[in-house]
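**Student:** Below: one structure in structure tokens.
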Amino acid sequence: MKTIEPTPTAPGVDAPFGTNEVRLNARHWIAVLVIVGLVMLLTPRFWERIERFETGPDYRLPYQLSKDYWLYGRRLRQVAEPGRIVVLGDSVVWGEYVLPEGTLSHFLNREVGATNRFVNGGVNGFFPLALEGLIKYYGQSLRHQQVLVQCNVLWMTSPKADLSTDKEEPFNHARLVPQFSPRIPCYKANANERLSAIVEREVSFLGWVGHLQNTYFGQQSLPNWTLADDGRDPPRYPNLYRNPLAQITLVVPSAPPEDPQRGPQSPRHKPWSEDGKGTTQFEWVDPGASLQWHAFQRVMLTLKERDNDALVVLGPFNEHLMAPENRAAYRKINDRITEWLSQNQIPWVAPETLPSALYADASHPLTEGYELLAKRICGNESFQKWLKP
């Protein structure tokens with residue numbers, strides 16, 4: 001049987017088409033890059049139109065979506081309108097021990113006779129270094145608005161809380177903090193993790209991918225979700241044969257109406273002193289050396305640069321929990337903070353400390369505490385003057 005030999009090719013000359021090979025010229029590559037770029041640019045915008053995101057009075061980001069920064073940015077775009085006041089802060093603003101109708105923003109609305117003027121912009125587990133990243137990369141729509149910002153000195157109660165200790169310490173929202181400068185001593189992530197966080201913050205498409213993971217796949221990547229076990233022994237893998245597309249319901253999940261961890265019916269909703277703990281002695285960090293305070297300053301300057309009219313509320317810190325020998329340092333820190341705010345022409349309010357029984361811990365009020373705090377803020381002359389415009 002005669003064998004057919006391939007046609008020889010001259011030395012140094014490539015065959016026009018090799019086996020299973022497609023060669024793109026420069027124009028083809030440009031077309032591919034344009035198509036990919038358009039997909040990455042338009043997909044997040046298109047997604048906002050087709051995915052149902054139901055909010056309303058007293059809405060706050062659900063606890064399980066605390067790391068869905070893309071969704072937070074979408075929420076800010078949703079309330080970017082005259083007359084709305086975003087309340088920024090950590091879990092004190094979010095309401096760690098209370099239901100949505102027991103938060104500071106709820107009672108501020110009630111005091112001014114509104115239903116949705118003050119918007120809960122708090123995030124559970126936040127701190128100034130993370131808030132800086134959130135506003136810088138996901139809060140660009142926060143412009144030309146009134147903004148109320150909570151300043152919590154809790155983040156200066158120790159080098160650990162300030163993230164300035166040299167010992168490695170895990171902390172929430174690490175992908176939002178500055179990855180290289182300023183240096184965070186307790187943050188020991190490798191270069192790959194840091195660069196990954198930077199790229200994700202800069203590329204909206206990657207933020208949208210993170211949104212899908214947080215909203216529909218239990219904060220896991222698709223491979224991790226597929227291989228997740230049920231925690232039993234022997235383990236089972238319930239997602240192994242599931243269709244991932246079936247998980248995408250195009251509806252952002254809401255928080256449960258009855259949260260067993262929060263609200264007056266929760267076992268956590270009780271005064272801090274009922275646990276039998278005495279006073280605490282804090283290792284205060286000087287504001288001049290505090291990473292968290294410097295981050296807070298940068299947040300306020302960023303808000304001013306974007307033409308926002310910001311007011312700062314100091315506290316509500318639980319002074320009843322503080323050891324007497326700590327009070328002098330605490331007063332000095334508060335004086336330093338208010339001095340800087342006044343120098344930068346940023347209005348501020350420092351409400352009187354709440355009664356001891358209205359605190360759940362060092363800085364979180366109970367429902368009645370938020371109600372009283374809102375009354376004291378709204379009764380302040382500086383606040384009333386700031387609110388009028």
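The values are calculated or read from the model by the stated rules, or taken from the named source; none is laboratory data. Note that the coordinates shown come from a computational prediction; the quantities given were computed from them, not determined experimentally. Neighbour counts are summed over all protein chains in view; Cβ atoms, including those assigned to glycine, are modelled from backbone coordinates with ideal geometry.
**Student:** Residue under question is residue 59, and the condition is that it be of a type in the set (Phe, Trp, Tyr) and under 24 Å from residue 266 (Cα atoms); does it hold?
**Tutor:** Criteria met by residue 59.
**Student:** Report those helices (runs of 4 or more DSSP H) wholly inside segment 22-122 carrying at least 1 residues which are farther than 30 Å from residue 174 by Cβ, over 18 Å from the mean Cα position of the chain (by Cα) and of a type in the set (Asp, Glu).
**Tutor:** Where helices (runs of 4 or more DSSP H) fall fully within segment 22-122 and carry at least 1 residues being farther than 30 Å from residue 174 by Cβ, over 18 Å from the mean Cα position of the chain (by Cα) and of a type in the set (Asp, Glu), they are 104-111.
**Student:** Among the residues of segment 205-225, write down those that are surrounded by 17 or more Cβ atoms within 10 Å (Cβ to Cβ) and polar (S, T, N, Q).
**Tutor:** Within segment 205-225, 213, 214, 215 meet the criteria.
**Student:** Of everything in segment 96-116, what is among the charged types (D, E, K, R) and either in contact with a strand residue (DSSP E or B) (Cβ under 6 Å, 6 or more places away or on another chain) or crowded, with 21+ Cβ neighbours inside 10 Å (or both)? Give them in sequence order.
**Tutor:** Listed by number, the list holds a single entry, 96.
**Student:** Can you work out which of the residues in segment 96-120 that are of a type in the set (Val, Ile, Thr) and more than 16 Å from residue 62 (Cβ to Cβ) is modelled with the lowest pLDDT?
**Tutor:** 115
**Student:** Considering 133, 121, 139, which residue is small (Gly, Ala, Ser) and under 17 Å from residue 95 (Cβ atoms)?
**Tutor:** The match here is 121.
**Student:** Something else now. Could you check segment 199-229 and list, in sequence order, the residues that are charged (D, E, K, R) and part of a helix (DSSP H, G or I)?
**Tutor:** 200, 201, 202
**Student:** Those residues that are modelled with pLDDT of 90 or more, aliphatic (A, V, I, L, M) and in contact with a Ser or Thr (Cβ under 8 Å, 6 or more places away or on another chain), I need them from segment 221-263; list them, please.
**Tutor:** Residue satisfying the conditions is 252 alone.
**Student:** Right, residue 197: free of Cβ contacts under 8 Å to residues at least 40 places away in the same chain, within 25 Å of residue 299 (Cα to Cα), buried (at least 17 other Cβ atoms within 10 Å of the Cβ) and not polar (S, T, N, Q) or not?
**Tutor:** Numbers: free of Cβ contacts under 8 Å to residues at least 40 places away in the same chain: yes; within 25 Å of residue 299 (Cα to Cα): yes; buried (at least 17 other Cβ atoms within 10 Å of the Cβ): yes; not polar (S, T, N, Q): yes.
Criteria met by residue 197.
**Student:** Being in contact with a Lys or Arg (Cβ under 9 Å, 6 or more places away or on another chain) and crowded, with 21+ Cβ neighbours inside 10 Å is the filter here; which residues of segment 48-66 pass it?
**Tutor:** 61
**Student:** Turning to a different aspect of this structure: Of the residues 182, 238, 253, only one is surrounded by fewer than 18 Cβ atoms within 10 Å (Cβ to Cβ), assigned to a loop (DSSP other than H, G, I, E, B) and either without any contact (Cβ under 8 Å) to a residue 12 or more places away in the chain or among the aliphatic types (A, V, I, L, M) (or both); which?
**Tutor:** Only one candidate qualifies: 238.
**Student:** For segment 348-389, enumerate the residues that are within 24 Å of residue 156 (Cβ to Cβ), in a loop (DSSP other than H, G, I, E, B) and touching a strand residue (DSSP E or B) at 6+ places or on another chain (Cβ under 8 Å).
**Tutor:** 350, 351, 354, 362, 366, 380
**Student:** Still on this structure, I have one more. Taking segment 276-322 as the search range and keeping residues that are touching a Pro at 6+ places or on another chain (Cβ under 7 Å) and over 30 Å from residue 85 (Cβ atoms), which one is surrounded by the fewest Cβ atoms within 10 Å (Cβ to Cβ)?
**Tutor:** Looking at the filtered set, the residue picked out is 283.
**Student:** Right, here's the next one. Just checking, which of 142, 129 is crowded, with 24+ Cβ neighbours inside 10 Å and either closer than 19 Å to residue 71 by Cβ or hydrophobic (A, V, I, L, M, F, W, C) (or both)?
**Tutor:** Checking each option against the conditions leaves just 129.
**Student:** Kindly indicate whether residue 380 is over 12 Å from residue 316 (Cα atoms), within 27 Å of the chain's Cα centre (by Cα) and either surrounded by 16 or more Cβ atoms within 10 Å (Cβ to Cβ) or at pLDDT 95 or above (or both).
**Tutor:** Answer is no for this residue.
**Student:** When you look at residue 311, is it assigned to a strand (DSSP E or B) and under 27 Å from the mean Cα position of the chain (by Cα), yes or no?
**Tutor:** yes
**Student:** Something else: Out of everything in segment 324-342 that is small (Gly, Ala, Ser) and surrounded by 11 or more Cβ atoms within 10 Å (Cβ to Cβ), what residue ends up being modelled with the highest pLDDT?
**Tutor:** The selected residue is 342.
**Student:** Quick check on my filter: what residues within segment 348-389 are under 25 Å from residue 280 (Cβ atoms), of a type outside the set (D, E, K, R) and free of Cβ contacts under 8 Å to residues at least 40 places away in the same chain?
**Tutor:** Answer for segment 348-389, where residues must be under 25 Å from residue 280 (Cβ atoms), of a type outside the set (D, E, K, R) and free of Cβ contacts under 8 Å to residues at least 40 places away in the same chain: 350, 351, 353, 354, 355, 372.
**Student:** Further question on the same structure: Within segment 303-323, work out how many residues are modelled with pLDDT of 95 or more and over 22 Å from residue 383 (Cβ atoms).
**Tutor:** Within segment 303-323, residues that are modelled with pLDDT of 95 or more and over 22 Å from residue 383 (Cβ atoms) number 1.
**Student:** Next question, about the same structure. Going by what's in this entry, would residue 328 be described as in a helix (DSSP H, G or I), more than 14 Å from residue 131 (Cβ to Cβ) and of a type in the set (A, V, I, L, M, F, W, C)?
**Tutor:** Criteria met by residue 328.
**Student:** Then there's this: Taking the options 104, 134, 99, name whichever one is hydrophobic (A, V, I, L, M, F, W, C) and more than 19 Å from residue 310 (Cα to Cα).
**Tutor:** Criteria check complete, one pass: 99.
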